[in-house]
């Protein structure tokens, strides 16, 4: 088995968890054989003295087809 890793950034106005989920869900639309993921970085954006969005950098591992 051989796996490849790609790194994507998901965003959400709700939470870091939702941002990571958005990253995986979006990647799954164009990449097959997703196996697992790792959140490597969490960031956020501030607007008007409040958190306006959450960002999760996610490494997504997928298996090559044989």
Q. How far is helix 16-28 tilted off the main Cα axis of the chain, in degrees rounded to 10, range 0 to 90?
A. 40
Q: Any chance you could check the Cα centroid distance between the stretch 3-27 and the stretch 40-66 for me, in angstrom?
A: 5
Q.
With n ≥ 4 as the cut-off for DSSP H runs, can you work out [θ] at 222 nm for the chain, using -39500 (n - 2.57) per run divided by the number of residues, rounded to the nearest 500?
A. -6000 deg cm²/dmol
**Q.** Potential lengthening between residue 28 and residue 7 on full extension [0.36 nm per residue; Cα-Cα distance subtracted]
**A.** 6.3 nm
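Read-outs: derived from the displayed coordinates by stated rules, not from any lab. Bear in mind the structure is a predicted one, so any value in this text is a computation, not a measurement.
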